[in-house]
Structure formats: C-alpha cells, structure tokens
1. Within the stretch 83-166, considering only helices (runs of 4 or more DSSP H) that don't extend past its boundaries, which have at least 1 residues that are touching a Cys at 6+ places or on another chain (Cβ under 8 Å)?
2. Can you find, within the stretch 58-109, the residue that is surrounded by the fewest Cβ atoms within 10 Å (Cβ to Cβ) among those that are closer than 19 Å to Gln34 by Cα and among the β-branched types (Val, Ile, Thr)?
3. Would you be able to say whether some residue in the stretch 252-268 is at pLDDT 95 or above and farther than 24 Å from Gly61 by Cα?
4. Would you mention how many residues in the stretch 156-178 are of a type outside the set (A, V, I, L, M, F, W, C) and in contact with a His (Cβ under 8 Å, 6 or more places away or on another chain)?
5. Any idea how many residues of the stretch 19-39 are crowded, with 17+ Cβ neighbours inside 10 Å and more than 10 Å from the chain's Cα centre (by Cα)?
6. Would you say Ala246 is at pLDDT 95 or above, within 30 Å of Glu131 (Cα to Cα) and assigned to a helix (DSSP H, G or I)?
7. For the stretch 1-18: of the residues being under 20 Å from Ser54 (Cα atoms) and out of contact with any strand residue (DSSP E or B) (no Cβ under 9 Å at 6 or more places or on another chain), which is surrounded by the most Cβ atoms within 10 Å (Cβ to Cβ)?
8. So, Val217, is that one of a type in the set (A, V, I, L, M), in contact with a Pro (Cβ under 8 Å, 6 or more places away or on another chain) and under 20 Å from Ala45 (Cα atoms) or not?
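The values are calculated or read from the model by the stated rules, or taken from the named source; none is laboratory data. What you see is a predicted model; the values in this text were computed from it and never measured. We place every Cβ from the backbone using ideal geometry, glycine too, and count neighbours over all the protein chains shown.
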Amino acid sequence: MHPLMMGSLSWVEYQQRLQDENAVVLIPCGALEQHGPHLPLGTDALLSTSVAQSVAEQINGIVAPTFSYGYKSQPKSGGGQHFPGTTSLDGNSLIQLLRDVVRELARQGAKQVVVVNGHYENQWFLTEGIELAIRDVGAASNLRVMRLEYWDFLTEDILNQVFPDGFPGFALEHAAVIETSLMAHYHPKLVRLDLIPDVPPVEFPSYDVFPLRPEWVPASGVLSSAKAATAEKGRMMSNHITQGIAAAIQQEFQRSAIAFGNGVAAPH
C-alpha cells in the first residue's frame, strides 16, 4: 500500500488520514489525447498524477484516482479530435463527474481538496464542477477547493532557462518542450526522443470555425518542436512546480484553517 494514494488505502486508513485537520486530497485531471509520435496518449493524465504525487510528498497529502478522460481536444491547443486514440468527454460529463467526486469527498469528511489539471481544455468545466459541488454541500460546509494548472507555476525565470530563444506560449506547447521534458523526467521509458518531429510553431487564425478543420493541424499533431526537450529541463521544472504548488496549498489552506478556528468565514 502506498500511503499517499487513496486507492491503495483501506477505508480505515483513509478515515484516519482525514481526521488530520491539515489533510489535503489532490485530484489529478488529465485526458486521453494524441501527443505526437513521441509521447503516449495518456500524457496529460500521467503528468497531472506525477505532479500531484510530488506535491503530496511535500505536504503529506492524499492523491485520489486520476480523471484520465478530459474535455474535447481543440485544434489550437491539443491538435483536435480527429486523431486516433483521442477519446474525450462532453463538457457536461466532465462537470458532473468532478461535481460528484468533490461532493463525495466532502461527505466523507474531506475539507481541503486540490484539483490538479494537466489538460488545457479542461479548465472551465472543472471550475463549473467545483462550483456546483460547493453549492450542493451548502454554505455551512467547511469545504474549500483549489483548482490549478501545473504549468502556471513556471515563472518567467524558469521559462527563460527552458526557452532561451523565446517562449511560444502554453497553447502551442502541446507535445512540445514542457510536456516532453517533464515526461522524460517522470516517465523516461514512455518517451521516444528519436521520433520528435522538427516543426516550426503552428500559426493559427485568430478565430475558430465549426465543424473544426483538421487541416489547420500538422499531420504529426505537434504544435511546436520538442527538439530542445531534456530530462534535465524536466527535473528543473518539476522541482519548481512542486515547490510552488505546495507553498500555495499551505498558504491558502492554513489561512482558511485559521479563519475557521476563529469563527470567521474564510475568503472565497
């Protein structure tokens, strides 16, 4: 049994962990989506889980089972739905899944939950699921939920080191340097560096068209080159992301705990 993984605990052990007033449950959220010829379909789920585990080690957290399916891949940030293997949820399905899980965690006694998102397109559906769950449990509940995208903890200084020739932006980083480097650090056996396509950053129009147009996306599914990716960059980014998320969790939830202890409603 792994003491950080909810699915590895017995109900007795899990109940004991939740009795700690500082207990934090992390929910990794990813997707099953093409990531070029060099990365696996489960990259987003694998990375969100690895980040959640790294953070849990820092704060003695509990990592819930991963959401391995996410919202539909979009051409300008994930390549699109037309690639074999990209298997997605409707937005409402993702909303209701997270709503149910957060509400269930609250019913069991969890008061501090962190949703660790690893799939760009998930963001607002996860937000809606969280808000509906909070409404379900009621205003009297002490439940507090943090939602974050792990890449937002990469500071300008770190990005300058990873991208000395200029950062193309997170949307175009699909299957590129950040994800490939992190995968090379966390899951080196799943990365095929020899298959990385050497492509320039894709230039998309400033609008979307529906039905979506697969021809906008390179055949490889990669939106900018990952040739500069290294496991060393992945290690550096992983350490920075882990420390940043752990610090944010401790700051937000410690402040909430103090506020509740004084009988004052915590800030929303």
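1. 91-108, 123-137
2. That would be Thr87.
3. no
4. 1
5. 11
6. The answer is yes for Ala246.
7. Applying the filter and picking the extreme gives Ser8.
8. Criteria not met by Val217.
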